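Below is one structure, written out as C-alpha cells; comments come after it.
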Amino acid sequence: MSKSLLPQLPTGPAEPTERAPTDWTTVAMQKRIRRRYARERRFRFFGLAAVTLSAAFLAFLLITMVANGWRGFTRTDVALPIDFPASGIVVERAQLATRGADLALAGAGLENMVKSAAATAFGPGGEEVLSEHAWLRVRDAIKADPSILDRKITIDLPASTEIDQALGGKGTAAAEAAAAKLQQAGVLSRRFNADFLHESDSTDPVAVGIWGALKGSLLTMAVTFLIAFPVGVLSAIYLEEYAPKNRWTDLIEVSINNLAAVPSIIFGLLGLAVFLGSWSLFGYQFGPLLPRSAALVGGLTLALMIMPVIVIASRNAIKAVPPSIRDAALGIGASPIQVVFHHVLPLAMPGILTGTIIGMARALGETAPLLLIGMRAFIVTPPGGFTDPATVLPVQIFLWSDEVSRGFIEKTSAAIIVLLVFLLAMNGLAIYLRNKFETRW
C-alpha cells in the first residue's frame, strides 16, 4: 500500500480546541476593570449633577416667583372715619334695592365725599393716601347696609400704590414718610386681598384681579380640548388602523410631523385669516364669521396648533399595543371596530393622555397666536360665554409686565403663580385619568 494513502497520525501534543478561561488576576485585566468602574462612577456623578442642577433651577424659579409675588395676594388698608350725616350725602333708600343703585350712589357725589373725609382725617393731601377706586368699597358697604348713612363709622379702604410700595421698602421718600406717619397713627393694616382672585383688569394695580383672565383661560382651554382631542385621536386611529399605506398617507404623515414643529405665531396668522378674515360671495363683501377677541376663536386657533402633537402621540400609543391583543380579540369573534374601540384604544389611552397633557400645557402658556387674534384687549368684566371678549392668563401677564407702575410688578409675579398652579392642577387631573385608564398586560 502506498505511504501517501495511510492516515497521518499526530506527532506532537494536541492543541486546545477552546480558549482558556480569562485570568481575572492579571495586572492588565485588573486595570481594565478599574477603568470600567471609574467610567460608571463618572456617569453616575454626571447624572446626579444634572438632576441636582435641574432641581436647583426649578427651586430658584419657584422661590423667586413666591418672593416677588406673595405681596400681590395682599393689600394695604387704611382705616378711614366717615361721618355720613355731616357729609351731606342724600340717597333714596328705595333706589339702593334696584339695579340703578350704583348710578345713584355715584351721582350723589360719593367719590368726592370719600376724598373730603380723607383730607379731614389725614390732613392736606390725604386723598392721595387712598386708592383711586377706594370709594367703590364705600359704595359696596352702603349697598350691604344702608343704615350706615345715618351714623359715623370707620371703614377699611385700600391704600394707594405709593403707600403700598412704601411699606415694602420700594417707595419714594415722601411716600415712606407718609406711610410711617400712618403707621404711627395705627390706621394701616395688611391683609389677604380676596379681590385679586375675583376681579378683572384695571388701570389701578391695587384694584386689579385675575379672575377675568383665569375664566378666559378656562373657556379657551375647554374649546381647545373639545376640538383637538377627539379630532386628533380619531385621525390617529384612522392613520394607524385603517389608512392604506401609499404615497398619500406618507405625505400626510410627513405633513403632520412638520406641523408639530411650526412656530406658534404661524397658527396665529392662520387663525386671523380663517376665523377673523373678511370674505366675499357673488360680489358681496362679508365681515368676519366669528367675533374678535373671543374664547371661541382662541380655542380654535390653539386646537389647530396642538392637534399634530396629539396625533403623533396617539399614533405611537396605538402602535405600542401588542399585536397579540388584536389577534386575540379577532379570535373570539370581535369585529374590527370592536377590536379598536374595546381593546386597542383603552390600552393606548395612557399614552394618548400623555400627548394631550403636553399639547394642552403648550396651549396654556401660548401668547403670540392669541395676540394676533385680538385677545389682548382691556377686559374689565369677566367673559360670560365663549363668544364674549376675553383674554387669557399669559396675555394678562404680558400686559401687566409692560405697565409703568411698580405695583404691577407684584401683580405680574402673583399672576405667574396662579398660572403655575393652574398648570399643575390641569396636569394633576390628566395624570390621575391616565393612571385610572392604565392597564398592564
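The values are calculated or read from the model by the stated rules, or taken from the named source; none is laboratory data. No experiment lies behind these values; they were computed from the predicted model shown. Every residue, glycine as well, gets a Cβ built from its backbone with ideal geometry; the counts of neighbours run over all protein chains shown.
General remarks:
- Restricting attention to region 44-80, the residues being assigned to a strand (DSSP E or B) and hydrophobic (A, V, I, L, M, F, W, C) number 3.
- Flag if residue 204 is exposed (fewer than 15 other Cβ atoms within 10 Å of the Cβ), over 23 Å from the mean Cα position of the chain (by Cα) and at pLDDT below 85: no
- Residue within region 237-246 that is under 22 Å from residue 351 (Cβ atoms) and in contact with a Leu (Cβ under 8 Å, 6 or more places away or on another chain) present: yes
- Residue within region 407-428 that is more than 15 Å from the chain's Cα centre (by Cα), under 24 Å from residue 265 (Cα atoms) and surrounded by 22 or more Cβ atoms within 10 Å (Cβ to Cβ) present: no
Results for (1) in the same structural domain as residue 345 (by TED's automatic domain parsing); (2) of a type in the set (A, V, I, L, M), shown as yes or no for each residue.
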{"site": "176", "(1), (2)": "no, no"}
{"site": "224", "(1), (2)": "yes, no"}
{"site": "232", "(1), (2)": "yes, no"}
{"site": "241", "(1), (2)": "yes, no"}
{"site": "256", "(1), (2)": "yes, yes"}
{"site": "267", "(1), (2)": "yes, no"}
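- Region 371-420, residues that are closer than 21 Å to residue 223 by Cα and of a type in the set (Phe, Trp, Tyr): 386
- Subset of region 118-150 [at pLDDT 85 or above and basic (Lys, Arg)]: 137
- Helices (runs of 4 or more DSSP H) fully within region 178-293 counting 3 or more residues that are among the hydrophobic types (A, V, I, L, M, F, W, C): 211-237, 247-259, 264-274
- Pairs where the first residue, in region 278-302, is polar (S, T, N, Q) and the second is part of a strand (DSSP E or B) and modelled with pLDDT under 60, C-beta under 7 Å, 6+ apart: 278/285; 278/286; 280/286
- Residue in region 81-90 that is in the same structural domain as residue 155 (by TED's automatic domain parsing), exposed (fewer than 10 other Cβ atoms within 10 Å of the Cβ) and either under 45 Å from the mean Cα position of the chain (by Cα) or not in a helix (DSSP H, G or I) (or both) present: yes
- Every test in (1) modelled with pLDDT of 80 or more; (2) out of contact with any helix residue (DSSP H, G or I) (no Cβ under 6 Å at 6 or more places or on another chain); (3) surrounded by 10 or more Cβ atoms within 10 Å (Cβ to Cβ); (4) not hydroxyl-bearing (Ser, Thr, Tyr) is passed by residue 100 save one, and that test is (1).
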